[in-house]
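The values are calculated or read from the model by the stated rules, or taken from the named source; none is laboratory data. Quantities reported herein were computed from a predicted structural model and do not represent experimental measurements. Methodologically, a virtual Cβ is constructed for each residue, glycine included, from the backbone with ideal geometry; neighbour enumeration extends over all protein chains shown.
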Amino acid sequence: MARYTGSVCKLCRRERQKLFLKGQKCYSDKCPVEIRNYPPGQHGNNRRAKISEYGVQLREKQKIKRLYGLLETQFRNYFKKANKQKGITGDNLVKILESRLDNV
């Protein structure tokens, strides 16, 4: 199974909040989110434009994918499974993701 093997601190900085992917380092003052509170990349520390409604939804989806270590296809399959169940799709999706063996 594929997974992200790059710097997880960059993922936290991209989301502009701590995702606690690094362990104890995220709880200390040495966390890169607190040291450099701008997104990674060449133009990361420039002024940011207002994000659209679609952009907000995309950032939330990316944050959930990164928290649970999923790729796009895996996430899509879980969403389809949650959508088929009765009830609120978002709650069903979180319930499915929380019941994964690697998350327990």
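Points worth noting:
- The number of residues in region 76-87 that are part of a loop (DSSP other than H, G, I, E, B) and surrounded by 11 or more Cβ atoms within 10 Å (Cβ to Cβ) comes to 1.
- Val94 vs. criteria surrounded by 13 or more Cβ atoms within 10 Å (Cβ to Cβ) and modelled with pLDDT of 90 or more: yes
- In region 45-74, the residue that is farthest from Glu15 (Cα to Cα) out of those that are surrounded by fewer than 15 Cβ atoms within 10 Å (Cβ to Cβ) and in contact (Cβ under 8 Å) with a residue 40 or more places away in the chain is Leu71.
- Reported count of residues in region 1-45, each being among the aliphatic types (A, V, I, L, M) and modelled with pLDDT of 80 or more, is 3.
- Any hit, region 71-80, residues being closer than 24 Å to Lys22 by Cα, among the hydrophobic types (A, V, I, L, M, F, W, C) and at pLDDT 90 or above: yes
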